[in-house]
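Inspection log for the structure reproduced underneath, given as structure tokens.
The values are calculated or read from the model by the stated rules, or taken from the named source; none is laboratory data. Just so it is clear, the model here is predicted, and its values are computed rather than measured. Cβ placement follows ideal geometry from the backbone for every residue including glycine, while neighbour counts extend to all protein chains displayed. Side chains included, ligands, DNA and RNA excluded: accessible areas come from the protein's heavy atoms. Shrake-Rupley method; radii C 1.70, N 1.55, O 1.52, S 1.80 Å.
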Amino acid sequence: MTQRVELAAVMDRLAVDNLITEYAMAVDDGDWEAYRGLFAPAGRADYRSAGGIEGDAGQIAEWLAENMRLFPMRQHLIVNRRVRFGVLDQDTGDTAQVQADYVNPMRLARDGEASAAPDFVCGGRYTFGMTRTHDGWRLDQVVVREKWRQLPATR
């Protein structure tokens, strides 16, 4: 590998990593316009394993906006990112797939305010499919595979 190729690979890795960080921040901050902007035009997401829906980025953003009102505090921690470039059909070096584990503590709203401590925590693995576009790397696919959840204690 030449230094130029190695530098390009590092830059792609950083851009892909940044896209995942932007995804987590958009969901946690409730920035649904930013969320939509992270997807390629035909991008889709599948939240069914976590009790959600599957659809295009606009449908998912609307669903998240409605359902995340229940949780005024949320914090996605996305770790153990395994990045693979060129894994999609007919790849020209402009695709990536990332598998990453997540833990997501959230607080339920009570009387219009968040509770004092996280009372809903879930974890699992994301699969992100990405494509390099003229506007940079964008999400083609997000699949959530929830593995566990801890519900609020009954009082």
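Take the residues of segment 107-127 that are in a loop (DSSP other than H, G, I, E, B) and open to solvent by less than 30 Å² (accessible area, probe 1.4 Å): which is modelled with the lowest pLDDT? Going through the qualifying residues, I end up with SER115.
Note on segment 1-68: enclosed helices (runs of 4 or more DSSP H) holding 1 or more residues that are in contact with a strand residue (DSSP E or B) (Cβ under 7 Å, 6 or more places away or on another chain) are 3-29, 57-67. Restricting attention to segment 128-155 and to residues that are of a type in the set (Ser, Thr, Tyr) and assigned to a strand (DSSP E or B), the residue that is farthest from SER49 (Cα to Cα) turns out to be THR133.
Residues in segment 35-61 that are open to solvent by 60 Å² or more (accessible area, probe 1.4 Å), within 16 Å of MET25 (Cα to Cα) and more than 12 Å from the chain's Cα centre (by Cα): 0 in all. If I filter segment 63-73 for residues that are loosely packed, with under 14 Cβ neighbours inside 10 Å, in contact with a Phe, Trp or Tyr (Cβ under 6 Å, 6 or more places away or on another chain), farther than 30 Å from ALA9 by Cα and not β-branched (Val, Ile, Thr), do I get at least one hit? The answer is yes, given that some residue of segment 63-73 is loosely packed, with under 14 Cβ neighbours inside 10 Å, in contact with a Phe, Trp or Tyr (Cβ under 6 Å, 6 or more places away or on another chain), farther than 30 Å from ALA9 by Cα and not β-branched (Val, Ile, Thr). The residues of segment 128-155 that are open to solvent by less than 60 Å² (accessible area, probe 1.4 Å) and under 23 Å from PRO105 (Cβ atoms), listed by number, are PHE128, VAL142, VAL143, VAL144, GLU146, PRO152. Output yes when any residue across segment 99-106 is under 20 Å from ALA9 (Cβ atoms) and either in a loop (DSSP other than H, G, I, E, B) or modelled with pLDDT of 85 or more (or both), and no when none is. So far as segment 99-106 goes, yes, one or more of its residues are under 20 Å from ALA9 (Cβ atoms) and either in a loop (DSSP other than H, G, I, E, B) or modelled with pLDDT of 85 or more (or both). Among the residues examined, ILE78 does not qualify as buried (at least 16 other Cβ atoms within 10 Å of the Cβ) and assigned to a helix (DSSP H, G or I). The set of residues in segment 62-79 being under 15 Å from the mean Cα position of the chain (by Cα) and of a type in the set (A, V, I, L, M, F, W, C) consists of TRP63, LEU64, ALA65, MET68, LEU77, ILE78, VAL79. A single member of ARG4, ARG13 is over 13 Å from the mean Cα position of the chain (by Cα), modelled with pLDDT under 90 and open to solvent by 70 Å² or more (accessible area, probe 1.4 Å), and it is ARG4.
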